[in-house]
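J.: I am attaching a structure below and will ask some questions about it afterwards.
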Amino acid sequence: MAVFTPVSLEQLSDWIQQFPLGRATSIRGISSGIENSNFFIGTERGEYVLTLFEKLHIEQLPFYLELMRHLAQRGIPVPAPVPSHSGAIANLLNDKPAAIVSKLEGESQLDPQPVHCAALGDMLARMHLAGRDFKIMQPNLRGLAWWLENTPSVLPFLPPELARLLTDEVQYQQDFAGTETYRALPRGPVHADLFRNNAMFVGERLSGIFDFYFAGCDTWLFDLAVTVNDWCVELDTGVLDQARAEAMLDAYRAVRPFTDAESQAWQPMLRAAALRFWLSRLVDFYMPREAEMLTPHDPAHFERILRLRIAHAPAAL
């Protein structure tokens, strides 16, 4: 969520007149993340979040914004898009597609304990079930097809040993995607980027999750693996913390029990989740885009996690 496209208060004041929010009173850039331009904005009706989409076209936004509206209507704590007077939830600002969503209360829990992981596991399962009747279909745009397309672009930057690790894992995931086990995995809309900084807590209460702009239709198990690989690891080593992992998995399965195929696929999905973020961080690190507020994440973090998930099979779900 770096700022690639600046927005002044004067520009916002003119643009926001098409929304039922009254006068704009403030705007402040959000520095975390690396994909879109995000701002906290103050209005006469309260505080909201403004996002300018740097890569997505306005025609692609209905999936993300309508998914958020769909989930919010079903009691999942997510930001709700604010429609304009004409009913549009995506509008152009500074020649970029833009949207306003409600601002969640609380703060991110960057040192999660088992109680926080349990709350997230429960909510993630409820979110998956709530999305079953969502009508818009869009694949995970950072899935296997993206891995195959982008791996060749980063290989020239890598030493031979890392290049082999990357190509071998992409091949492993391509082979696994062709198996009956993979095809049997339950799927639907997923968040696909549910890191610690994309959830809010008030004390030990989960007040919401946000930043759905990597969402897509994929296996629910991949979504859970992405979440476990961030919330349930020691950040300096990538090693799984069993207490946190068990808390998240137990809370998830209490809402939606795992299938036999999911139990068999747990290690491959943990590997896939690590690969996805290792590769995206390699792309951002070696081929960065200019932004006012941007510090690319260290790719080595998810390289370590991938190596660990390959070397150590986790307990069955």
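J.: Just one of the numbered conditions (1) among the aliphatic types (A, V, I, L, M); (2) part of a loop (DSSP other than H, G, I, E, B); (3) free of Cβ contacts under 8 Å to residues at least 12 places away in the same chain is not true of residue 145; which one?
T.: If we test residue 145 against (1) among the aliphatic types (A, V, I, L, M); (2) part of a loop (DSSP other than H, G, I, E, B); (3) free of Cβ contacts under 8 Å to residues at least 12 places away in the same chain, just (2) comes out false.
J.: Another question, then. In the set 114, 139, which member is at pLDDT 95 or above and surrounded by fewer than 14 Cβ atoms within 10 Å (Cβ to Cβ)?
T.: Exactly one of 114, 139 is at pLDDT 95 or above and surrounded by fewer than 14 Cβ atoms within 10 Å (Cβ to Cβ), namely 139.
J.: Separate question: Please tell me if residue 266 is closer than 24 Å to residue 122 by Cβ and not β-branched (Val, Ile, Thr).
T.: Yes.
J.: Got a number for residues in the range 16-47 being without any contact (Cβ under 8 Å) to a residue 24 or more places away in the chain and either surrounded by 17 or more Cβ atoms within 10 Å (Cβ to Cβ) or in contact with a Cys (Cβ under 7 Å, 6 or more places away or on another chain) (or both)? Walk me through how you get there before you give the answer.
T.: Looking only at the range 16-47, we keep the residues that are without any contact (Cβ under 8 Å) to a residue 24 or more places away in the chain, and these are 17, 22-28, 42, 44.
Then keep just the ones that are either surrounded by 17 or more Cβ atoms within 10 Å (Cβ to Cβ) or in contact with a Cys (Cβ under 7 Å, 6 or more places away or on another chain) (or both); that gives 24, 27, 42.
Adding up the residues that qualify gives 3.
J.: For residues that are out of contact with any Lys or Arg (no Cβ under 7 Å at 6 or more places or on another chain) and in a strand (DSSP E or B), scanning just the range 44-76, find the one that is farthest from residue 124 (Cα to Cα).
T.: Checked the range 44-76; the qualifying residue farthest from residue 124 (Cα to Cα) is 46.
J.: Looking at 201, 176, which one is in contact (Cβ under 8 Å) with a residue 12 or more places away in the chain and not in a helix (DSSP H, G or I)?
T.: Criteria check complete, one pass: 201.
J.: Mind checking whether some residue in the range 180-198 is more than 23 Å from residue 245 (Cβ to Cβ), over 20 Å from the mean Cα position of the chain (by Cα) and of a type in the set (Val, Ile, Thr)?
T.: Scanning the range 180-198 turns up no residue that is more than 23 Å from residue 245 (Cβ to Cβ), over 20 Å from the mean Cα position of the chain (by Cα) and of a type in the set (Val, Ile, Thr).
J.: Moving on to the next point. Take the residues in the range 226-258 that are out of contact with any strand residue (DSSP E or B) (no Cβ under 9 Å at 6 or more places or on another chain), aliphatic (A, V, I, L, M) and assigned to a helix (DSSP H, G or I); name whichever of them is nearest to residue 72 (Cα to Cα).
T.: Step by step, filter the range 226-258, then rank; the result is 255.
The values are calculated or read from the model by the stated rules, or taken from the named source; none is laboratory data. Given the structure is predicted, the values throughout are model-derived calculations rather than measurements. Don't worry about glycine lacking a Cβ; one is built from the backbone with ideal geometry, like all the others, and counts go over all protein chains shown.
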